[in-house]
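Quick notes on the structure that follows.
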Amino acid sequence: MIIAHRCKSFCFTGASLYALAKVPIRFPKKSRRNIVRQTFGDGAATKRSTRVRLRPRADWHKRNFLTSVLIPSLFTKRAGNHARPQFPKIREGEVCITWIGHASFLIQTHEVNVLIDPIWSKWLKVIKRLKQPGFEIHHLPSIDFVLVTHAHFDHLDRRTLRRVAADQPIAVPIGVGNLVHDLGFHIVHELDYWQTVELGPLKISLTPCHHWGARFLADLHRDFGGFVIAMDGRTIFHCGDSAYFPGFKEIGERYKIDIALLPIGAYEAPTGREVHMNPEEAVKAFLELHAKTLVPMHYGTFRLGFEPLHEPPERLLASAREHGIEEKVLVMTEGKPVVL
């Protein structure tokens, strides 16, 4: 099945410049003519650095990630299976969420289908995927918009994006556009923190997080963040990748969030750096966001830290019980849509 973009009469910011063409627009590799940045001075607060410290912890060498995690993972059979998803009919005011795996989600309303950080690849260079995607990529419905939170290989997978691209818009943080502009997207929106772009019936805003955006060691100019997606009277927050930081409180003050997709894995990083939230910190962030539902992500697919794959959700539920919010936690199964 070929993934095709549905022809719809959406109104994009920038009037006729954003009108959809019938075929993907191909640009030379070095061209950035299809990358659009909003002008600054739109009332956004002064940008504060949220980049984590990249220096390894002093005792990081006491554990060997290669021998204790990476090599054993190569001999581990991938779990999961590829069942054809049964996407439900979605009524106005409802939102359907399907977890594909890791930080990849399909978000659906009665009007549009949105992909966030899609990755169907079985490897991150030498790191093996240990849980199959929830379904095969050719089972996707036609995708209207794509969002990518940052340039790391487990979030921006060019091979997957090339297969998904069907002349629709994509939104990324500033400095990431040149990684996706030649894949077959109609337009690339680069956003700074707190900036918003209207994509059809959606309002997409980029929020800060505490992480870093380099795809390689030398490209620290790339930004990173999370997305607030407002649609049909509902608001979803996809955190991207983040360590815990006080900014969650501000995000909760700026937006009325219904569903928060928060990372809970890879907290025991090989270098000992605090680059990801642990489950207890995710609960703290959720409380500061004042969201209604917590959906955990970024665990169980790739083993990126020393913690075992089964530990993050167990710790999350234990912490949620301690805070009296267990009924607000929705632990999803890859490939099974949930309507909220």
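The values are calculated or read from the model by the stated rules, or taken from the named source; none is laboratory data. Every value quoted in this text rests on a predicted model; they were computed, and no experiment measured them. All Cβ positions, glycine included, derive from the backbone under ideal geometry; neighbour counts span all protein chains shown. All accessible areas refer to the heavy atoms of the entire protein, side chains included, with ligands and DNA or RNA removed. Shrake-Rupley method; radii C 1.70, N 1.55, O 1.52, S 1.80 Å.
Points to keep in mind about this one:
- Candidate set from segment 236-257 (those that are touching a strand residue (DSSP E or B) at 6+ places or on another chain (Cβ under 6 Å) and not in a loop (DSSP other than H, G, I, E, B)); member that is surrounded by the most Cβ atoms within 10 Å (Cβ to Cβ): 237
- Restricted to segment 286-318, and to residues there that are in a helix (DSSP H, G or I) and more than 24 Å from residue 149 (Cβ to Cβ), the residue that is least open to solvent (accessible area, probe 1.4 Å) is 318.
- Members of segment 192-212 found to be within 27 Å of residue 52 (Cα to Cα) and either among the polar types (S, T, N, Q) or open to solvent by 40 Å² or more (accessible area, probe 1.4 Å) (or both), listed by number: 195, 196, 205, 207, 210, 212
- Extreme residue, most open to solvent (accessible area, probe 1.4 Å), among residues of segment 319-329 that are closer than 19 Å to residue 278 by Cβ and not in a helix (DSSP H, G or I): 323
- Of all residues in segment 123-173, those that are open to solvent by less than 10 Å² (accessible area, probe 1.4 Å) and in a helix (DSSP H, G or I) total 4.
- Residue in segment 216-226 that is within 26 Å of residue 54 (Cα to Cα), touching a Leu at 6+ places or on another chain (Cβ under 7 Å), part of a loop (DSSP other than H, G, I, E, B) and of a type in the set (Lys, Arg) present: no
- The residues on offer are 208, 246, and the sole one that is touching a Lys or Arg at 6+ places or on another chain (Cβ under 8 Å) and under 20 Å from residue 281 (Cα atoms) is 208.
- Close contacts from segment 77-95, counting a first residue that is surrounded by 15 or more Cβ atoms within 10 Å (Cβ to Cβ) and a second that is not in a loop (DSSP other than H, G, I, E, B), with Cβ to Cβ under 6 Å and a gap of 6+ residues or different chains, come to 80/131; 85/139; 90/96; 90/108; 94/339; 95/234.
- Subset of segment 62-76 [surrounded by fewer than 19 Cβ atoms within 10 Å (Cβ to Cβ) and either in contact (Cβ under 8 Å) with a residue 12 or more places away in the chain or within 25 Å of the chain's Cα centre (by Cα) (or both)]: 63, 65, 68, 70, 73, 74, 76
- Identity of the residue in segment 258-281, among the charged types (D, E, K, R) and in contact (Cβ under 8 Å) with a residue 40 or more places away in the chain, that ends up most open to solvent (accessible area, probe 1.4 Å): 274
- Out of 227, 216, sole residue that is free of Cβ contacts under 8 Å to residues at least 24 places away in the same chain and under 21 Å from residue 276 (Cα atoms): 216
- Residue selection: residue 171 fails the criterion of being of a type in the set (A, V, I, L, M, F, W, C) and in contact (Cβ under 8 Å) with a residue 60 or more places away in the chain.
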